[in-house]
Amino acid sequence: MAKDNYGAESLTVLEGLDAVRKRPGMYIGTTDSQGLMHCLWEIIDNAVDEALAGACNHIIVTLHDDGSVEVADNGRGIPVDVEPKTKLTGVEVVLTKLHAGAKFGNSSYGASGGLHGVGSSVVNALSSRLDVEVDRDGKTHHMAFHQGHPGVYSDVDPEHPSPDSPFKKTRKNRPTELEIIGKVSPKTTGTRIRYWADPEIFNDTAEFSYDQLIDRVRQTSFLVPGLKITVIDENIPETGDESIDEMLEVDDNVIEQVTEENTSAETDDIGTSADILQEDSAEADESAESQENDAATQSQETVSQPVQPKYPHARVEEFCHTGGVKDFVDFLSKGEAVSDIWRIAGEDTYVEETQAVGDDGELHAQKVTRDCAVDIAMRWTNGYDTTMRSFVNVVETLGGGMHVDGFLQGITKQVRKAIEDNARKLKVNLKDSHMKVERDDILAGLVAVVTVRIAEPQFQGQTKDVLGTAQVKPIVSRMTDKQFGEMITGSKRGYKEQSGRVLEKIVGEMHARVQARKTKEVTRRKNALESASMPPKLSDCQPGNDDVAELFIVEGDSALGTAKAARNAGFQALLPIRGKILNVQKASITQMLSNKECAAIIQVVGAGSGQSFDIEQSRYHKIIMMTDADVDGAHIRILLYTFLFRYMRPLIEHGHVYSALPPLYKATYKGKDSYLYSEEEKVAFDAQATSKVEYQRYKGLGEMSTEQLWTTTMDPSSRTLVRVTMEDAAEADKMFAMLMGESPELRRKFIEENASLVTDLDI
């Protein structure tokens, strides 16, 4: 029940950082794992701000074994002199006041990784203890805090500080004296912040995510070229073996010129955290990155598992990239590249109305001219997945925003214009209303990183997921129009051939989308009328058995006749293909869709293809390749693997694709027939036989009788099926890239290297 005597005495007045502790969600969004990580981003991005200002080239993040986190940088160091208005040192202002504007002066934040730009003070308020050390003026300054309040800790062991140590709080409204704890070179500057997250604030379920940290550190190293970031996990013991202790993701061309531009300090003069690291270890082998196990297996085989490392990651992980967003796109790219990495970059200005504080403390509107730097890198690959990462300064905008909208607007406009100009060459009927390129067609296979750098960015919502500064959109759009337009039209030197391939891919995606839409309209068989739209050679199973239905893709009409007589029509369907289907490794999407065999498979499966593929709509639980046990049969199977891998990948991912394993021989021994599935089984059978064995070699499925085909290959109770995994399909795709791709040299090399291994040709 509400109080009747509601008055001023009912109001709670919060001072200092008390508001942060009372309502932490207002400042960090949540008090779960994400909020815990946001605090770390605040501290790291303070150091990144220094790097963006050209004052820092090395950041070290140390995860101590007591649960605390330390971030050290060799930037300018937090100011240690007295701020005139508050009469507090710059260190105390930064760490205890919800200050507005810049961290160290009148310039704006460059990184602003926290939720509201209030920075370290919020982290301080939400920590049970925070220690800061600043190297400036030839001295190391120190100050400690408990839950945001400055004071002095009495640690039993100064080498191992603890938030549980006795703490003497500084008296209210009194400045806290900066403690001098050491001397450094006058040229050495930097800041080290170590904090213990307060268990009173964060949920019991809040967990520190090492993977998130590494992802954030890696992306920052791409976004700030030349910045070295080292992560040290002291929870992992040091072995002394660099190949085990260290994982270095450092460009070979990282040189010392970065330090020449840094007027503050040498890279290795970073303080006590840096002493843990030996900077000269950059030449260590990068073999740790190559230790991924790519072995492909079949589901029915038992495979020995590799020995798992004792710890999930190396003790020290270091990142430094010099190529910027171009390297970032290269890192994100998967699959075969359709184009090189294209770059859009430039600067422009815009006018923004903002609030300014007058001499008397009053607020008034003021128009400010802002700089906007744009840097975009992109590449198309042969896949259909879209990978797009967007950033404002170094803050990732997961929901996009004005910079992404401007980029997409620009490329959509220019791609459509280029296709219209080359409609005849690309075989696009402009009079057909369905033949219009949509944005999804353009984005298929696109890998892009979109970044802008602006002062005081405005965000939509509390978590900085979406950039809201409206003036950024036309700037990015204009730059994209001009620079991307020159690339996609081929007018820029060196881009003509690439732009042609990109346009062909986009048009192919459009055709695939149109065809998929048409296919979906006729594939879902619900009555006899719809069934009539299926390929005439399809021998379908009875309706209503989708959960157990099997589709056998059969090689040739001869095998179809035997299989049709042998099958169980209740749940087994048959689709014959004529010889070898299209090699989709070399063919375009348009060529694939116009191929009768490929189109028939897409239509019969009934789930579409490419991006539009919906596994829930598949008419069959198992897709089984049933080909002859000879070289041609193996060739057809690989072609089918490659086709499904490219255009119906979820079928393989969910384990719905199989290969039938027909026998190679029928062995008649003492009046009894046995079936042998390999040459090894034949040799073993011969060795055990005490009298003559008669063999029948099955070159093709059509040589079997109905009973034999059912018993050996189609009967679920006695047959052998091999499940096709993603590794199998990827290997098939890789082999076809080599053996059936564009480069004849790869095929020649393969034949020369393996010719001596051929002992018996099965012709």
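Let's see how each residue does on (1) under 18 Å from Glu550 (Cβ atoms); (2) in the same structural domain as Val631 (by TED's automatic domain parsing); (3) of a type in the set (Lys, Arg):
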{"position": "Ser678", "(1), (2), (3)": "no, no, no"}
{"position": "Asp686", "(1), (2), (3)": "no, no, no"}
{"position": "Gly702", "(1), (2), (3)": "no, no, no"}
{"position": "Thr711", "(1), (2), (3)": "yes, no, no"}
{"position": "Asp715", "(1), (2), (3)": "yes, no, no"}
{"position": "Met726", "(1), (2), (3)": "no, yes, no"}
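Within region 594-618, count every residue that is under 25 Å from Thr387 (Cα atoms) and outside any loop (DSSP other than H, G, I, E, B).
5
Would you point out the residue of region 626-641, among those that are touching a residue at least 40 places away in the same chain (Cβ under 8 Å) and among the aliphatic types (A, V, I, L, M), that is nearest to Thr713 (Cα to Cα)?
Of everything passing the filter in region 626-641, Met626 is nearest to Thr713 (Cα to Cα).
Which residues, counting only those in region 30-84, are outside any helix (DSSP H, G or I), among the charged types (D, E, K, R) and touching a residue at least 12 places away in the same chain (Cβ under 8 Å)?
Result: Asp32, Asp65, Asp66, Glu70, Asp73, Arg76.
Which strands (runs of 3 or more DSSP E) does region 301-404 wholly contain that include 3 or more residues that are in the same structural domain as Phe459 (by TED's automatic domain parsing) and surrounded by 13 or more Cβ atoms within 10 Å (Cβ to Cβ)?
Per the criteria, 342-357, 363-380, 387-392.
Out of (1) part of a loop (DSSP other than H, G, I, E, B); (2) among the hydroxyl-bearing types (Ser, Thr, Tyr); (3) within 16 Å of Pro79 (Cα to Cα), the odd one out for Ser165 is which?
(3)
Quick check on Ile201: is it aliphatic (A, V, I, L, M) and either over 33 Å from the mean Cα position of the chain (by Cα) or within 30 Å of Phe328 (Cα to Cα) (or both)?
The answer is no for Ile201.
Looking at (1) among the acidic types (Asp, Glu); (2) within 17 Å of Asp81 (Cα to Cα); (3) outside the structural domain of Val71 (by TED's automatic domain parsing), which is the one condition that is false for Glu179?
Result: Glu179 passes all but (3).
List the number of the failed condition for Arg493; all other conditions in (1) within 30 Å of Glu353 (Cβ to Cβ); (2) surrounded by fewer than 22 Cβ atoms within 10 Å (Cβ to Cβ); (3) not aromatic (Phe, Trp, Tyr) hold.
Going through (1) within 30 Å of Glu353 (Cβ to Cβ); (2) surrounded by fewer than 22 Cβ atoms within 10 Å (Cβ to Cβ); (3) not aromatic (Phe, Trp, Tyr) one by one, Arg493 breaks only (1).
If you check Ile419 against the conditions, is it outside any strand (DSSP E or B), at pLDDT 90 or above and over 19 Å from Gln611 (Cα atoms)?
yes
Would you check which residues across region 453-467 are under 14 Å from Cys372 (Cβ atoms) and either surrounded by fewer than 19 Cβ atoms within 10 Å (Cβ to Cβ) or modelled with pLDDT of 95 or more (or both) and list them?
Correct list: Ala455, Glu456, Gln458.
Look at region 327-349 and say how many of its residues are among the polar types (S, T, N, Q) and either closer than 14 Å to Thr386 by Cα or at pLDDT below 90 (or both).
1
Where residues in region 178-196 are surrounded by 17 or more Cβ atoms within 10 Å (Cβ to Cβ) and β-branched (Val, Ile, Thr), which of them is farthest from Ile78 (Cα to Cα)?
If we take residues in region 178-196 being surrounded by 17 or more Cβ atoms within 10 Å (Cβ to Cβ) and β-branched (Val, Ile, Thr), then Val184 is farthest from Ile78 (Cα to Cα).
Considering every residue within region 747-754, establish whether at least one is assigned to a helix (DSSP H, G or I), at pLDDT 85 or above, surrounded by fewer than 17 Cβ atoms within 10 Å (Cβ to Cβ) and of a type in the set (Phe, Trp, Tyr).
No.
The values are calculated or read from the model by the stated rules, or taken from the named source; none is laboratory data. Fair warning: this is a prediction, and the values are worked out from it, not measured in the lab. Ideal geometry is used to build each Cβ from the backbone, glycine not excepted, and the neighbour counts take in all protein chains shown.
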